[in-house]
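A short worksheet on the structure shown next.
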Amino acid sequence: MTQTLAGGFAALELHPAVLTAIAAVGYEEPSPIQSQSIPVILAGHDMIGQAQTGTGKTAAFALPLLSRLDPARREPQILILTPTRELALQVAAAFERYSCEMGGVKVVAVYGGAPMGPQLKALRQGAQIIVATPGRLCDHLRRDEKLLGSVAHLVLDEADEMLKLGFMEDIEFIFEALPESRQTVLFSATLPASIRAIAERNLKSPKHVKIAAKTQTVERIEQAHLMVHADQKPVSVLRLLEVEQFDALIAFVRTKQATLDMAELLERHGYRASALNGDMPQAQRERVIEALKDGSLDIVVATDVAARGLDVPRITHVLNIDMPYDPESYVHRIGRTGRAGRTGRALLLVTPRERRMLQVIERVTGQKVGEIRLPDAETVLEARLQRLANSLRPLLEGADEARGSVCRELCQRLDCTPELLAAALLARQTQGQALDLEGVRREQPLTPAAARERSERPERGERTERSGEPRTRRPLEPLTEGRVRCRTALGKRDGVAAKNLLGAIINEGQLAREAIGRIQVRETFSLIELPEEGLERLLGRLKETRVAGKALRLRRYHED
Ligand code: AMP
């Protein structure tokens, strides 16, 4: 597989293996916080970075620190402190992803609520990167005060959150256990006095990095957001497009792969759509933009980089499928519509984790981004009928002269009424698209709340203990130590059985049978227990795997 190394990253002098990993993940260009922080961290300076989740801050410290890591030294070199277990797991997974081409890099996540034994074992087995919550790390330190003696780089991630959770003392205790000579990087969304005091005491002449957020007027553009869960994005996009009256639309996603996947999905649903990303040769990109201008394309799914400077007056809608990194790029994106004094509409999909970013956007733009709901079945049906009527209206004129006699002839041959003939022709024309309320309801994508409810509900045919009792979530079996649960959206309804999943993971994941734990195949998804160690690499090997003809797309499953 050939991957082009993204120009913006290549210029940052990161380790070649890190660059290869970034190219594989599909990042095109460093986000603003990344292009500012990476050179500072690579140069070994202490740093204070003001950035929040969603800006790409994890890679902003992970990429340069990995580039300075010596995989041959099998002792802790990098320590990341995070406020929560979830963030620790997420950051650890990011480090695994970005280091998967380096060889010999081991990451351990250390957090409360899990047994100390395996964490200690991983620490002793030469992990070079520790991602920890402060409380649990202090427990380990009390048992082994030399634990952090070899750490050369410390990152405090979401420092303001850590202080809010009362970790001040623990953090000071950890500082004491670290070598004086270490590099310290502090990331925080806000910089209250308490954070500045910590920085004052523990950082050496830190450089400050902050993304400038200029207020810009976006008054001509009507903005709205829709709350969705990440895995509901494709269906939600399809729903929105059915009811939005757009001329041309540009949709933004974060990776090149996502531009391709989304454009393909839209094409399959009958839209004239194309991807636009930095991997496409210049000439091809220009053809896409020309096609959008002259009306032979209606939707372009782009990354920020590829859409830079795009000026197509026909664009009436901007759809932010993935959140932008910062308010500036949001303003930039939505400025693709409302060109030349026209009005435009900008829609933003927000996952629950990204709520805060939405508030920042509202603050910086000085405008409220109101909430919309997913269109209900009635609205969708009405839109479908309206579209159908609009497309047929111009055909009525002169139809009787041109085709009336054939129509009568066919009714006679088929011994049917003109209504029945029209209905049959319509069925062919609309190709299985539901045109009745029940049918549309059946296609309805799930709202986040309904999706949660459904996943907690026992499946049909499964008995609750006493009928009439409120149904509760089926408890999951406790996990064996060292194993984690992964989820795929393939289940019984896709014709998948446990043995198919097992075979695929053994063959394509190159995993021994014994390494795989319980496999639970449910109606609409399956859960599989897999070894935590090397999980990112395993998921990488299974990236293209298909089971029963469908993409497996295995992901780590977080149970809370
Ligand atoms: P973070 O702010 O670290 O939580 O990152 C937010 C999301 O942005 C994560 O899903 C990252 O995988 C993604 N991301 C980080 N850097 C880039 C980049 N340069 N290009 C595209 N996506 C990125």
Worksheet entry | Pairs from LYS106/LYS492; LYS57/LYS121; LYS368/LYS550; LYS57/LYS543; LYS368/LYS492; LYS146/LYS207 whose Cα-Cα separation, in the structure shown, is over 32 Å | LYS106/LYS492; LYS368/LYS550; LYS368/LYS492
Worksheet item: Which whole-percent values make up P(r) of the range 109-188 when all C-alpha to C-alpha distances are grouped in 10 Å steps starting at zero?
Response: 17, 55, 27, 1
Discussion item. Using a 7 Å offset from the Cα along the Cα-to-Cβ direction at both ASP231 and ARG272, what is the distance between the two label points in nm, to one decimal?
Written reply: 3.6 nm
Response to the item:
When all Cα-Cα pair distances of the range 2-210 are considered, the percent exceeding 32 Å is 11 percent
Item to complete: Please arrange CYS411, CYS100 by counting, for each residue, the other beta carbons lying within 10 Å of its beta carbon, fewest first.
Response: CYS411, CYS100
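If R0 is 41 Å, what FRET efficiency do you get for GLU176 and HIS558 from their C-beta distance, rounded to 0.05?
On the way: r = 33 Å, r/R0 = 0.80.
With a Förster radius of 41 Å, E is 0.80.
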Item to complete: Multiply the residue gap between ARG403 and ARG355 by 0.36 nm, knock off their C-alpha separation, and tell me the result in nm, one decimal place.
Response: 11.6 nm
Item to complete: Compute the distance in nm between two label points, each set 7 Å from the Cα along the Cα-to-Cβ direction, one at ASP247 and one at GLN433.
Response: 2.2 nm
Discussion item. Please give me, ordered by residue number, the GluC sites (Glu not before Pro) of the range 161-242 that lie in loop per DSSP and have at most 15 other Cβ atoms within 10 Å.
Written reply: GLU180, GLU219
Worksheet item: Among ASP304, ASP436, what is the fewest-to-most ranking by other Cβ atoms within 10 Å?
Response: ASP436, ASP304
Response to the item:
Per the 1/(1 + (r/R0)^6) rule, R0 = 41 Å and r from the Cβ atoms of ARG74 and GLU264, FRET efficiency to 0.05 is 0.40
Response to the item:
Residues whose built amide H sits under 5 Å from the amide H of ARG272, excluding neighbours closer than 5 in sequence, are ASP298, ILE299
Fill in: Coordinate range along principal axes, alpha carbons of the chain, Å, largest first
94, 61, 47
Worksheet, complete the sentence: Simple SL model, points at 7 angstrom along Cα→Cβ for ASP415 and ARG541; separation in nm is 6.5 nm
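Give the order of LYS207, LYS543 when sorted by the count of other beta carbons within 10 angstrom, beginning with the fewest.
Ranking LYS207, LYS543 by Cβ neighbours within 10 Å, fewest first, gives LYS543, LYS207.
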Discussion item. If I take R0 = 30 Å and measure r between the Cβ atoms of ARG143 and THR480 in this structure, what FRET efficiency does the formula 1/(1 + (r/R0)^6) give, to the nearest 0.05?
Written reply: 0.80
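Give, rounded to the nearest 20 debye, the magnitude of the charge dipole that the chain has about its Cα centre when Lys and Arg contribute +1 at Cβ and Asp and Glu contribute -1 at Cβ.
Using only the charged Cβ atoms, the result is roughly 560 debye.
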Worksheet item: Between LEU392 and LEU165, what length in nm is gained on full extension when 0.36 nm per residue of separation is reduced by their alpha carbon distance?
Response: 75.5 nm
Item to complete: Calculate the dipole size of the range 2-210 relative to its Cα centre from +1 charges on Lys and Arg beta carbons and -1 charges on Asp and Glu beta carbons; express the result in debye to the nearest 20.
Response: 300 debye
Discussion item. If you average the alpha carbon positions of the range 35-91 and of the range 502-519, how far apart do those two centres end up, in angstrom?
Written reply: 32 Å
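A short reminder: the numbers here are calculations on the coordinates, not readings from a lab. Predicted model, so just to flag it, every value in this text is computed and none were measured. Note that we place each Cβ from the backbone using ideal geometry, even for glycine, and neighbour counts take in every protein chain shown.
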